[in-house]
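Colleague: Encoded as structure tokens, here's the structure I'll be asking about.
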Amino acid sequence: MIKDDWHIHSEYSCDGACMKMENLVTGSAEKGIVRYGITDHIHTPYNYPDIIKSKNAYNKNRADNFYFGVEVSCVSKWELDLIASGVEGNLTYGIREGGPAGGSLAIAIDEEYINEHDIKYVVAGTHWSMYAGNKPKDLITDYHRQNMFLSQHHLVDIVAHPWWYLGPCKDGWYTDFGIIPVSMHEEFAKSCIENSKLVEINLSAMLLSDKTSEKFKQEYLEYLVMLKEFGVKFSIGSDCHNEFYNIDFQKASDMLESADFTNDNFYSPV
């Protein structure tokens, strides 16, 4: 079933990914993936040099149906302004403490950047709480706000791994996905449809993760089915960070087929 992969990281991604571009090209052919793209991370402009390295490696390893994209994070305008002012420190992941809860959201690219680097598509994800604390209710409200922002942003093509959580998988919605109000799912689905966004079905971080329970995986699959029934269109993203392209696409395909997903549910961002 799975023939496309629109969320993959190379050794130039800032978060410990380690796959060489040539290994991706070779591995995709071995796995039967026919259309795919590299999407290394941009959290803030601090990560721009990584993208230059990624694009250079991509240019040396061009292949049929291989595209250059990026994965941007939802961040705050507050931290982007601080970074632009010259604040110092380890800014690999932006500024993750001290910001205003409920402040203006942003992504760290614009149309000029996309055109300059010939970026073919943009994956965008909620990766952390935006200074909202750790109470489940506050986290849920905050994550939904970020997902909605990304679903409405004119530069975003794919909303990555909705409801992936960077924190521990022992409480909150990882224990009971049902604590998230269905009204939020409906609002998100409607926004994605109205704004022509694809919703990512993420393999490594969600369906195939070794950090979450089988109960959570089943609940998350049921959530994806709910979005499908609302009319949402999907893309597949392995979110591979490994040295080699060793994703169990067959297992993921079996899971999706068991939930009545077909090839007609999956779309390309390019």
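The values are calculated or read from the model by the stated rules, or taken from the named source; none is laboratory data. These figures come from a predicted structure and were not determined experimentally. Using ideal geometry, Cβ is built from the backbone for each residue, glycine included, and neighbour counts are taken over all protein chains shown.
Colleague: Please specify each residue of segment 222-238 satisfying the condition of being surrounded by 18 or more Cβ atoms within 10 Å (Cβ to Cβ) and either touching a strand residue (DSSP E or B) at 6+ places or on another chain (Cβ under 9 Å) or at pLDDT below 95 (or both).
Modeller: Scanning segment 222-238 gives L224, L227, K228, V232, F234, S235, I236, G237, S238.
Colleague: Follow-up. Do the conditions hold for I107, that is, is it touching a residue at least 24 places away in the same chain (Cβ under 8 Å), within 20 Å of N56 (Cα to Cα) and either among the aromatic types (F, W, Y) or surrounded by 16 or more Cβ atoms within 10 Å (Cβ to Cβ) (or both)?
Modeller: no
Colleague: Can you tell me how many residues in segment 22-43 are more than 14 Å from D239 (Cα to Cα) and crowded, with 23+ Cβ neighbours inside 10 Å?
Modeller: Residues flagged as more than 14 Å from D239 (Cα to Cα) and crowded, with 23+ Cβ neighbours inside 10 Å within segment 22-43 amount to 2.
Colleague: Filter segment 206-221 for residues that are outside any helix (DSSP H, G or I) and buried (at least 16 other Cβ atoms within 10 Å of the Cβ); which is modelled with the lowest pLDDT?
Modeller: Ranking the qualifying residues of segment 206-221, first place goes to T212.
Colleague: Moving on. Restricting to segment 164-197, and then to whatever is among the hydroxyl-bearing types (S, T, Y) and in a helix (DSSP H, G or I), can you tell me which residue is farthest from H144 (Cα to Cα)?
Modeller: Out of the qualifying residues, it is Y174.
Colleague: If Y131 meets every condition in (1) within 30 Å of R35 (Cβ to Cβ); (2) hydroxyl-bearing (S, T, Y); (3) in contact with a helix residue (DSSP H, G or I) (Cβ under 9 Å, 6 or more places away or on another chain) apart from one, which number is that one?
Modeller: (1)
Colleague: Considering only residues of segment 181-205 that are under 27 Å from I2 (Cβ atoms) and of a type in the set (V, I, T), which is surrounded by the most Cβ atoms within 10 Å (Cβ to Cβ)?
Modeller: Ranking the candidates gives I201 first.
Colleague: Here is a follow-up. Hey, can you tell me all the residues within segment 147-163 that are touching a Phe, Trp or Tyr at 6+ places or on another chain (Cβ under 9 Å) and either in a helix (DSSP H, G or I) or within 9 Å of T126 (Cβ to Cβ) (or both)?
Modeller: Within segment 147-163, N147, M148, S151, V159, P162, W163 qualify.
Colleague: Taking only pairs six or more apart or across chains, which ones have beta-carbon atoms under 8 Å, a first residue in segment 12-25 that is closer than 21 Å to T44 by Cα and in contact (Cβ under 8 Å) with a residue 40 or more places away in the chain, and a second residue that is charged (D, E, K, R) and surrounded by fewer than 17 Cβ atoms within 10 Å (Cβ to Cβ)?
Modeller: Every condition considered, the pairs that remain are Y12/K53; C18/E243.
Listed here are the residues, each with its yes/no results for (1) over 21 Å from V159 (Cα atoms); (2) small (G, A, S).
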{"position": "V87", "(1), (2)": "yes, no"}
{"position": "I95", "(1), (2)": "yes, no"}
{"position": "G99", "(1), (2)": "yes, yes"}
{"position": "A108", "(1), (2)": "no, yes"}
{"position": "Y113", "(1), (2)": "no, no"}
{"position": "D118", "(1), (2)": "no, no"}
{"position": "A124", "(1), (2)": "no, yes"}
{"position": "P136", "(1), (2)": "yes, no"}
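Colleague: Which of the residues spanning segment 180-221 are in contact (Cβ under 8 Å) with a residue 24 or more places away in the chain and among the acidic types (D, E)?
Modeller: Matches in segment 180-221: E186, E187, E200, E219.
Colleague: With the structure loaded, tell me whether I83 is within 18 Å of P269 (Cβ to Cβ), surrounded by 12 or more Cβ atoms within 10 Å (Cβ to Cβ), of a type in the set (V, I, T) and in contact with a Leu (Cβ under 8 Å, 6 or more places away or on another chain) or whether it fails that test.
Modeller: no
Colleague: For segment 237-270, enumerate the residues that are in contact with a helix residue (DSSP H, G or I) (Cβ under 9 Å, 6 or more places away or on another chain), in a loop (DSSP other than H, G, I, E, B) and in contact (Cβ under 8 Å) with a residue 40 or more places away in the chain.
Modeller: Those that are in contact with a helix residue (DSSP H, G or I) (Cβ under 9 Å, 6 or more places away or on another chain), in a loop (DSSP other than H, G, I, E, B) and in contact (Cβ under 8 Å) with a residue 40 or more places away in the chain: S238, D239, H241, N242, E243, F244, Y245, N246, I247, D248, F261, T262.
Colleague: Looking at segment 92-127 only, could you name the residues that are out of contact with any Lys or Arg (no Cβ under 7 Å at 6 or more places or on another chain) and farther than 22 Å from W164 by Cβ?
Modeller: Correct list: G98, P100, D110, E111, E112, Y113, I114, N115, E116, D118, I119, K120.
Colleague: Additional query: Residues of segment 138-176 being in contact with a helix residue (DSSP H, G or I) (Cβ under 8 Å, 6 or more places away or on another chain), within 24 Å of D210 (Cβ to Cβ) and hydroxyl-bearing (S, T, Y), which ones?
Modeller: Residues satisfying the conditions are Y165, Y174, T175.
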